[in-house]
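The values are calculated or read from the model by the stated rules, or taken from the named source; none is laboratory data. It should be emphasised that the depicted structure is a prediction, and the values quoted were computed from it without experimental measurement. Cβ atoms come from the backbone with ideal geometry, glycine included; neighbour counts cover every protein chain shown.
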Amino acid sequence: MSGSERRREISRRRIRKRKCQILKRKAEKASISDKAGIATKLRQLTPGAEELVKRWSLEDR
C-alpha cells in the first residue's frame, strides 16, 4: 500500500521541479514587477521558496 503513496510523492516532486524550471526561465527575462509575481507563485508552489527567491534574486529585501 505504501508504494502508491511513494509514487504520488515522486510525481509531485517531478511536477514541482518542472514548474520551478519554467518559473526560472521566465524570471530571467522578467521585469521587476513580473519578478514579484513569479516570487509569489514560487512561494505557493514549494516550501523551500525563500531560498530560491534569494538565489534567483527575485526580490531585494
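Residue under question is Glu28, and the condition is that it be loosely packed, with under 10 Cβ neighbours inside 10 Å and part of a helix (DSSP H, G or I); does it hold?
Yes; evaluated as a whole, the condition is true for this residue.
So which residues in region 31-58 are outside any helix (DSSP H, G or I) and more than 14 Å from the chain's Cα centre (by Cα)?
Ser31 - this is the single residue of region 31-58 that is outside any helix (DSSP H, G or I) and more than 14 Å from the chain's Cα centre (by Cα).
Report whether or not Arg61 is at pLDDT below 95 and either outside any helix (DSSP H, G or I) or surrounded by 14 or more Cβ atoms within 10 Å (Cβ to Cβ) (or both).
Spelling it out, Arg61 is indeed at pLDDT below 95 and either outside any helix (DSSP H, G or I) or surrounded by 14 or more Cβ atoms within 10 Å (Cβ to Cβ) (or both).
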